[in-house]
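Reviewing the structure listed below.
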Amino acid sequence: MRYPIAIETGTATAAYGVAVPDLPGVFSAGDSLEEAIAQAEDAILLGLEDYAERAEALPKASRLQDLMQRPEFAGWTWAVAQVDPSHLGRKMVRVKITLPDEC
């Protein structure tokens, strides 16, 4: 899945801030643009896990062009974060196996 992210430009003394408009309350930051995008991908996955735990449908991504028109993001930079939600909602299972030592 791809989610548009809004990036508030950092400075020498402030990190880049990232908001995910399609996931209210999901935000992140990073000291560089690359780190900010990577942190956003992690934050999106955490946000999607909340939806999966509540058995709610995952929010669909908005059109980037529509989000860019929102006044609260005027002057922000836009990017698209790609995440793989395929593991969400799955329980982990521990498996013990025995193999011959010739393997």
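Within the range 13-56, the set of residues being touching a residue at least 24 places away in the same chain (Cβ under 8 Å), over 21 Å from L88 (Cα atoms) and surrounded by fewer than 17 Cβ atoms within 10 Å (Cβ to Cβ) comprises just one member, L33. Identify all residues within the range 1-11 that are among the hydrophobic types (A, V, I, L, M, F, W, C) and modelled with pLDDT of 95 or more; write none if there are none. Residues satisfying the conditions are I5, A6, I7. The residues of the range 26-56 that are in contact with a helix residue (DSSP H, G or I) (Cβ under 8 Å, 6 or more places away or on another chain) and over 16 Å from A81 (Cβ atoms) amount to a single one, A52.
Residue-wise test of (1) among the polar types (S, T, N, Q); (2) touching a strand residue (DSSP E or B) at 6+ places or on another chain (Cβ under 6 Å); (3) within 17 Å of W76 (Cα to Cα).
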{"residue": "A6", "(1), (2), (3)": "no, yes, yes"}
{"residue": "G10", "(1), (2), (3)": "no, yes, yes"}
{"residue": "Y16", "(1), (2), (3)": "no, yes, yes"}
{"residue": "A19", "(1), (2), (3)": "no, yes, yes"}
{"residue": "D22", "(1), (2), (3)": "no, yes, yes"}
{"residue": "A43", "(1), (2), (3)": "no, yes, no"}
{"residue": "A55", "(1), (2), (3)": "no, no, no"}
{"residue": "Q65", "(1), (2), (3)": "yes, no, yes"}
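Please go through the range 59-74 and pick out each residue that is small (G, A, S), under 22 Å from T9 (Cβ atoms) and touching a residue at least 12 places away in the same chain (Cβ under 8 Å).
S62
Entry remark, the range 81-96: residues being charged (D, E, K, R) and either modelled with pLDDT of 70 or more or at positive phi (or both) number 2 in total.
If you go through the range 12-29 one residue at a time, do you hit one that is at pLDDT below 90, within 19 Å of the chain's Cα centre (by Cα) and charged (D, E, K, R)?
Taking every residue of the range 12-29 in turn, none turns out to be at pLDDT below 90, within 19 Å of the chain's Cα centre (by Cα) and charged (D, E, K, R).
The values are calculated or read from the model by the stated rules, or taken from the named source; none is laboratory data. A quick note: this is a predicted structure, and the numbers were derived from the prediction, not measured. We place every Cβ from the backbone using ideal geometry, glycine too, and count neighbours over all the protein chains shown.
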